[in-house]
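Here the structure comes first, spelled out in structure tokens, and everything after it is commentary.
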Amino acid sequence: MALRKLGLYIISIFALVILVACGNKVSGEDKVITLAVFDDPVFKEIADVAVEKVAEQGYKLDLKYVSDIVTPNKLVDSGEVYANFFQHYAYMNEYNKANNSNLVGAIEVFIDPAGLYSKKITSINQLPNGAKVSIPNDPANNGRALFMLQKEGVLKLREGVSVTEAKVNDIVENPKNLKFIEVEQQMLGRTLEDVDLGFMFTAIAVSSGLNPDEAIVIENEKDDIQPFTIVITTRSEDTDSEKTKVLQKAFQNDEVYKVLKENYPLVLTSWK
């Protein structure tokens with residue numbers, strides 16, 4: 001009987017040790033926040049600041065760099081990463097619609113004004129007939145470029161179409177017979193040599209060696225650019241979690257603001 005009690009006691013102690021060990025492992029893993037980040041200078045510079053800010057709150061930020069605009073949302077959707085940092089509301093909404101998903105822009109970080117650049121002309125009025133214009137091939141940014149051209153009186157879009165849904169087929173007047181070259185976002189900077197006018201985000205322009213001040217046309221806060229606010233995206237069930245609160249403090253602070261203003265002065269922030 002005594003041996004039986006001793007055996008049960010040993011088993012109980014052994015089970016307790018296993019539970020404690022497992023508990024510590026879960027606790028440690030719960031302090032890690034995995035984040036898919038777009039492999040582009042502005043995103044990487046901000047993420048580097050966020051790593052330190054997350055650590056100050058007792059967490060670890062595990063960065064997973066991606067070089068395309070499809071993978072990051074799939075990673076969040078599947079739960080392989082907690083959140084991503086690469087897109088704006090408009091693109092996220094397009095993804096949700098196309099994939100029957102429910103991702104949420106939980107934290108606003110910045111708005112990257114887009115511009116129209118050229119190495120051949122210095123004014124929009126100099127656009128020749130049949131000019132080639134490079135624009136993004138994803139629907140969320142396609143209309144953004146077209147609205148900029150409409151604002152300059154170069155073309156006219158179908159009445160009632162929104163900036164986040166407009167596409168080349170919505171052009172109803174194109175007096176200069178512009179030819180649109182639709183390319184992936186990452187390639188916009190490389191197409192400028194081959195076109196008369198090219199749409200580009202400020203961050204891409206800077207990384208391509210261009211000066212945003214030399215843009216022929218550039219967006220400002222008076223334009224309809226709120227849908228293009230870059231956000232930290234999570235699954236809907238994680239919007240109000242502790243990790244999301246940690247990320248908010250890590251991405252909305254004076255250090256991040258300084259990085260943006262020193263390197264990308266035209267970038268706008270809604271939280272500062």
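Highest mean first, the peptides 153-163, 66-76 sorted by other C-beta atoms within 10 Å per residue fall in the order 66-76, 153-163. Extending 7 Å from Cα along the Cβ direction at Arg190 and again at Glu221 yields two label points whose distance is 3.6 nm. If you wrap the tightest convex hull around every Cα atom of the chain and split its volume per residue, you get 139 Å³.
Ellipticity at 222 nm from helices only: DSSP H runs of n ≥ 4 in the chain, each -39500 (n - 2.57), divided by the residue count, give -12000 deg cm²/dmol. Beta-bridge orientation, the chain: approximately 55 percent antiparallel, per DSSP, counting only bridges with both partners inside. Placing a label point 7 Å from the Cα of Glu182 along the Cα-to-Cβ line, the residues of region 132-155 whose backbone N sits under 11 Å from it are 135-143. Helix 139-151 against the longest principal axis of the chain: what's the angle in degrees, Cα atoms only, rounded to the nearest 10? In the chain, helix 139-151 runs at an angle near 30 degrees to the longest axis. Angle of helix 242-251 to the longest C-alpha principal axis of the chain, folded into 0 to 90 degrees and rounded to 10: 40°.
Would you mind putting 198-207, 180-189 in packing order, based on average other-beta-carbon counts within 10 Å, highest first? Write out the running numbers ahead of the final one.
Numbers: 198-207: 24.6, 180-189: 17.3.
Ranking, from highest mean packing down: 198-207, 180-189.
Only beta bridges with both residues in region 114-224 are counted; by DSSP, about 55 percent of them are antiparallel.
Read-outs: derived from the displayed coordinates by stated rules, not from any lab. Here the structure is a predicted model, which means the values were calculated and not measured. FYI the Cβ positions are ideal-geometry reconstructions off the backbone, even for glycines, and counts take in every protein chain you see.
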